[in-house]
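The values are calculated or read from the model by the stated rules, or taken from the named source; none is laboratory data. The model shown is predicted, which means the values in this text are computed figures rather than measured ones. Positions of Cβ are generated from backbone atoms using ideal geometry, with glycine treated the same way; all protein chains shown enter the neighbour counts. For accessibility, only protein heavy atoms count, side chains too; no ligands or nucleic acids. Shrake-Rupley method; radii C 1.70, N 1.55, O 1.52, S 1.80 Å.
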Amino acid sequence: MRTLFILFILATTAACQNNSATTNKVLTVATAKDSITYSCPMNCQGDTAYTTEGKCPVCEMELVKN
């Protein structure tokens with residue numbers, strides 16, 4: 001029983017680590033000189049725009065090109 005519990009904890013930990021590694025993407029906030037910007041369609045962060053595609057750090061929706 002103890003071995004089964006340890007295996008369950010290890011499997012859960014490994015699954016969480018793999019998931020976070022694929023979803024962590026650095027988003028760069030756009031400045032006035034950037035021509036192509038992306039923003040959240042839900043306006044979670046107001047007028048915040050990014051220079052790279054990705055997901056909104058607040059609601060996890062895909063950013064859209066402005």
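For this structure, a couple of remarks:
- Within segment 42-66, the set of residues being charged (D, E, K, R), within 17 Å of THR31 (Cα to Cα) and part of a loop (DSSP other than H, G, I, E, B) comprises ASP47, GLU53.
- When residues of segment 2-25 are limited to those that are of a type outside the set (Lys, Arg) and under 30 Å from ASN66 (Cα atoms), the one modelled with the highest pLDDT: ASN24
- Residue within segment 51-65 that is exposed (fewer than 10 other Cβ atoms within 10 Å of the Cβ), within 17 Å of the chain's Cα centre (by Cα) and at pLDDT 85 or above present: yes
- Residue within segment 26-40 that is of a type outside the set (Ser, Thr, Tyr), open to solvent by less than 100 Å² (accessible area, probe 1.4 Å) and at pLDDT below 65 present: yes
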